[in-house]
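A short worksheet on the structure shown next.
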Amino acid sequence: MSTTIPIPDPVISAGNLSIAVICPDEQRRNDAISALGECQNGSIREFISYPPNLQDVARTLGNNFDVIVIDLDSDPEYALDLVESISTSGMATAIVYSAQADPDLLVRCMRAGAREYLMLPFDKGEMADALIRASALRSAVRPSKKTNGRLLVFLSAKGGSGATTLASNYAVSLAQESQKKTLLIDLNLPLGDAAINLGIKAEYSIVTAFQNSSRLDAHFLSGLLVQHSSGLFVLAAPSELASTYVSTDVIDKLLEIACQDFDYVVVDAGSRLDMQCKYLFDESATVYLVTQIGIPELRNSHRLITQLSAEGSPKLEIVINRHDPRSMEIDEAHITSALTRPAQWKIPNNYAAVRRMQNTATPLTEEDSPISRAIQQMTRSVCGQPAVPEKKKKFSFFG
């Protein structure tokens, strides 16, 4: 369990570090957070317990922090193993703290890979010096940022077409299939449902990013995210009604930062083509236009396809959702004519599976079904993996 702590303006600056504090003891944890807040202006995330086992360290902490500050006194032996795991993987700079002036423990911490050993009560100057050294160390070893993260936008031809359900489950599948850093951004304002679909409770939302646009960078963004059990990171929509007007410059900044820090950025844009953003609909993005087989949906799709097919526009892929060839009242020829091209993807209609996903917050990818396989085919095509062979239908005399 973790929470992000708002950081006051620092007295002594050690740079814009992203810091995790791991300490089961509330008083010692608060002491560490308070001392850190006086020395730097980055984000601090507190963890109220050690990871349950060392195999969970990478999943729990990932590569989201520059510095991880670890309390020794709650469980010195496990804390030492944790320091060694963090240091060996190179995921962050490890700093430990203790109320014990134990030379043997200090030596063991250094051998495990800790860069600093701080004593309680904290001295502000010593904390600031430790963070300055950590900042210099991370600057030396931090790899250059990527600039080629792929942007994948889900756009609904009409409200109720199922774009949010597809975007949420597609993002989970993409994180699982690619095993790469994947972010889902719920831009479906004023009220988006991606977090609800995934069973996520987010303390912060995309509105927090918009309201703090001057502070928005990779470290600040990481403090707003929630990680799903699949490994997917989520920037949720607000749980309460929010203003639908947002400067396109701010959205561009958010998407630019996200694409620098993530391999894949999936955006649920709802039906908001009104956002004339540089990144959202430019030629480097892929837009999945989600529609259904109905006159209003096909009419809107035709208009959107015309607008999105201009020079310099994104790669466009049409997704027919809730597809059921047995109950279509419009034939394939008329559908293709209305869309001006064949649809790349057809997601089978499975009302029961979708309703079960919404009620239990269990991704569709957790069960093998025609709808989960269709979504899996979409994500495997993005990350360059071969398509999964379709299952052959079994012959039966009873139909």
Taking THR93, THR182, THR208, THR379 and counting other C-beta atoms within 10 Å, the order from fewest to most: THR208, THR379, THR93, THR182
Running a GNM on the chain with Cα contacts under 10 Å, which residue among ILE318, ILE206, ILE295 ends up with the highest mean-square fluctuation? ILE295
Over 24 Å between Cα atoms: which of LYS181/LYS253; LYS158/LYS253; LYS278/LYS315 fall into that group? LYS158/LYS253
Over the Cα atoms of region 297-387, each weighted equally, I'd like the Debye log10 I(q)/I(0) at q = 0.11, 0.15, 0.17 Å⁻¹, rounded to two decimals. -0.41, -0.73, -0.90
Let me know the charge dipole size of region 150-382 about its Cα centre in debye, to the nearest 20, where only the beta-carbon of Lys, Arg (+1) and Asp, Glu (-1) is charged. 280
Between TYR78 and ALA387, Cβ-based FRET efficiency (R0 35 Å, step 0.05) works out to 0.20
Rounded to the nearest 20 debye, dipole of region 2-141 from Cβ charges on Lys, Arg, Asp, Glu: 480
For the chain, give the magnitude of the charge dipole about the Cα centre (Cβ charges: +1 Lys/Arg, -1 Asp/Glu; no others), in debye to the nearest 20. 1700
Provide the per-residue ³J(HN,Hα) series for region 43-48, in order, calculated from phi with Karplus coefficients 6.51, -1.76, 1.60 and θ = phi - 60°, each as a whole number of Hz, with x at glycine and proline positions. 8, 10, 10, 9, 10, 8
Provide the percentage of antiparallel DSSP beta bridges, counting only those with both residues in the chain; round to the nearest 5. 10
May I ask you to list the residues of region 32-60 whose amide nitrogen lies under 18 Å from a point 7 Å from Cα along the Cα→beta-carbon direction of THR88? 51-60
Using the alpha-carbon atoms, what tilt in degrees (0 to 90, nearest 10) does helix 163-178 show relative to the longest principal axis of the chain? 60
Pop a pseudo-label 7 angstrom from the Cα along the beta-carbon direction at both ALA136 and SER49 and give the gap in nm to one decimal. 3.9
Helix 26-37 against the longest principal axis of the chain: what's the angle in degrees, Cα atoms only, rounded to the nearest 10? 90
Farthest positive-ward along the chain dipole, Cα basis, beta-carbon charges - from SER43, LEU364, ALA258: LEU364
Largest first and to the nearest Å, give the Cα extent of region 218-371 along each principal axis. 51, 41, 30
Quick note on VAL234, VAL172, ordering by fewest other C-beta atoms within 10 Å, gives VAL234, VAL172
Please order TYR264, TYR351, TYR170, TYR204 by the number of other Cβ within 10 Å, starting at the fewest. TYR351, TYR204, TYR264, TYR170
Added length on full extension, which subtracts the Cα-Cα distance from 0.36 nm per residue, LYS278 to ALA101: 58.1 nm
Work out, step by step, the length gained on full extension between SER213 and ASP324: first 0.36 nm times the residue separation, then minus their alpha carbon distance; give nm to one decimal. 35.5 nm
Toward the positive end of the charge dipole of region 254-377, about the Cα centre and with charges on Cβ (Lys, Arg +1; Asp, Glu -1), which of ILE347, HIS334, ALA310 goes farthest? HIS334
Based on the Cβ-Cβ distance of ASP25 and HIS302, what FRET efficiency does E = 1/(1 + (r/R0)^6) give at R0 = 41 Å, to the nearest 0.05? 0.10
Ratio to report: Rg/Rh of region 73-124, with Cα atoms as the point set and Rh obtained by the Kirkwood method; give two decimals. 0.95
Over the chain - Rg/Rh using Cα atoms and the Kirkwood inverse-distance radius: 1.04
Farthest towards the positive end of the dipole of the chain, among LEU54, PHE233, ASN212 and with Cβ unit charges of +1 on Lys and Arg and -1 on Asp and Glu, lies the Cα of PHE233
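Just so you know, all these numbers are worked out from the coordinates, no wet-lab data involved. Bear in mind the structure is a predicted one, so any value in this text is a computation, not a measurement. Here Cβ is always computed from backbone atoms with ideal geometry, including for glycine, and neighbour counts include all displayed protein chains.
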